[in-house]
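Inspection log for the structure reproduced underneath, given as structure tokens.
The values are calculated or read from the model by the stated rules, or taken from the named source; none is laboratory data. Everything quoted here is computed from the prediction, not taken from an experiment. All Cβ positions, glycine included, derive from the backbone under ideal geometry; neighbour counts span all protein chains shown.
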Amino acid sequence: MPDSNSPPENQAIGTSLPTTATTVTSSATSPSTGPSEVNGGVPTSTTPNNACYTATTTVTVATTSQTPTRSTISPATLAGSVVGSIVAAAAITFLVTFVLLRSKRRTAPPKPEEFSGKTKVGGPRDPDSTIEETWEQQLLEQADDRTIRQLVKTVLDLAEVHIENHYTDRKSLDIDEQALRVVNSPHLPAPLQTLLRRSARPTLLMKHCLARILLGDSIVPLLPASMDRLPHLVGQSQDPSVTQVLGRWRRLTTYLHPPPGDDDDFKAVQKTAIDEATRQFAVAFAPWQRNTNDALWQANLDAVFQNATNMALLLFSQPAAFEFRWTPPQSGSVVVLPSLVRLSDENGVLLHSPLALIPQVVDRL
């Protein structure tokens, strides 16, 4: 963990030194007809076999006296404010997205012939089609590309901000190779410890490693095993029918699966994995840490992981398939942050050319 030698507390410009910290917790909750549990932006039970999403944001503000004086805002406090703003915006976006996507299905007026009992021209109505149309109304619709791009970009931005606020570029030979092996990435051109020894910009490597952990390509489970296992077994199939079936399966699983936020076993496994990952990350990159506040470091990283969990759940629930791409465009370069591409349309049909939603961030060490 980082040092606890933190800079001075927040001092608003034009106010005197004495301040009083006040913690304000605000919750944004979708309408519910049943009991729900606020759980940091992950699904909460509201109605049987249905999920509604609740976002909770905790913000620390400072109240100050009004005596004018010259003062400055500490870098740590400013960094915390920036991260807090990004997290709050992401939580609200995640909440609104799920509420709107589900309400579109739930509130859409049925076509007259669906429930009127009248027969269509040409013969009686097939009762099975009415059943299918009824349950399909409960499934989430495809989110638009802009929403997907915004939520994924938020996670990547938070990873960048965390590294830039808490780490610095400097040469160091005091390297813990065992810890570095834990956070190492297969997408790097050489072992992490080798690159760190010769790189003048180690923070680029830290951003790469943190992003890989946050995007689920590592040791932290972002989704329950029952959601995560089947796509890995199937792999990247080019069979159009498999892609379409997987898209339907993801939507059905999101509808039927208990909300991950209500799964105590999964939450315990995930918390243990996150705690271990953050510990290993802190040890691995300790030689490059700034003298930042320990509590702020941990709070920022917890917020990043929470947003990553929300992002993973949203991507999983979509009928379209998405992919993060880490392969650099040329040898000698490193993908600091991966690109995000959409592989299929809202019906699960493979696109002729994958649609790029977020470009790669590529640099040289």
Discussion item. When you scan the stretch 171-180, do you find a residue that is at negative phi and surrounded by 18 or more Cβ atoms within 10 Å (Cβ to Cβ), even just one?
Written reply: yes
Discussion item. For the structure I just gave you, tell me whether Ala286 is under 14 Å from the mean Cα position of the chain (by Cα), surrounded by 15 or more Cβ atoms within 10 Å (Cβ to Cβ) and small (Gly, Ala, Ser).
Written reply: no
Item to complete: For Glu141, indicate whether it is of a type in the set (D, E, K, R) and at pLDDT 90 or above.
Response: no
Practice prompt. Taking Gly247 as the residue in question, decide whether it is at pLDDT below 85, buried (at least 18 other Cβ atoms within 10 Å of the Cβ) and either in a helix (DSSP H, G or I) or more than 16 Å from the chain's Cα centre (by Cα) (or both).
Written response: no
Practice prompt. Please report, ordered by residue number, the strands (runs of 3 or more DSSP E) entirely within the stretch 265-365 with at least 1 residues that are in contact with a helix residue (DSSP H, G or I) (Cβ under 7 Å, 6 or more places away or on another chain), modelled with pLDDT of 90 or more and among the hydroxyl-bearing types (Ser, Thr, Tyr).
Written response: 339-344
Practice prompt. For residues that are of a type in the set (Ser, Thr, Tyr) and more than 27 Å from Asp302 (Cβ to Cβ), tally how many sit in the stretch 133-178.
Written response: 1
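To keep it simple, each residue is scored yes or no on (1) among the β-branched types (Val, Ile, Thr); (2) in contact (Cβ under 8 Å) with a residue 24 or more places away in the chain; (3) within 23 Å of Thr203 (Cβ to Cβ).
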position: Asp264; (1), (2), (3): no, no, no
position: Gln280; (1), (2), (3): no, yes, yes
position: Pro287; (1), (2), (3): no, yes, yes
position: Ala299; (1), (2), (3): no, yes, yes
position: Ser317; (1), (2), (3): no, yes, no
position: Ala321; (1), (2), (3): no, yes, no
position: Trp326; (1), (2), (3): no, yes, yes
Practice prompt. Please report, ordered by residue number, the helices (runs of 4 or more DSSP H) entirely within the stretch 173-242 with at least 2 residues that are polar (S, T, N, Q) and either in contact with a Pro (Cβ under 7 Å, 6 or more places away or on another chain) or modelled with pLDDT of 90 or more (or both).
Written response: 192-198
Fill in: Residue that is surrounded by the fewest Cβ atoms within 10 Å (Cβ to Cβ) [pool: residues in the stretch 152-170 that are in contact with a strand residue (DSSP E or B) (Cβ under 8 Å, 6 or more places away or on another chain) and assigned to a helix (DSSP H, G or I)]
Lys153
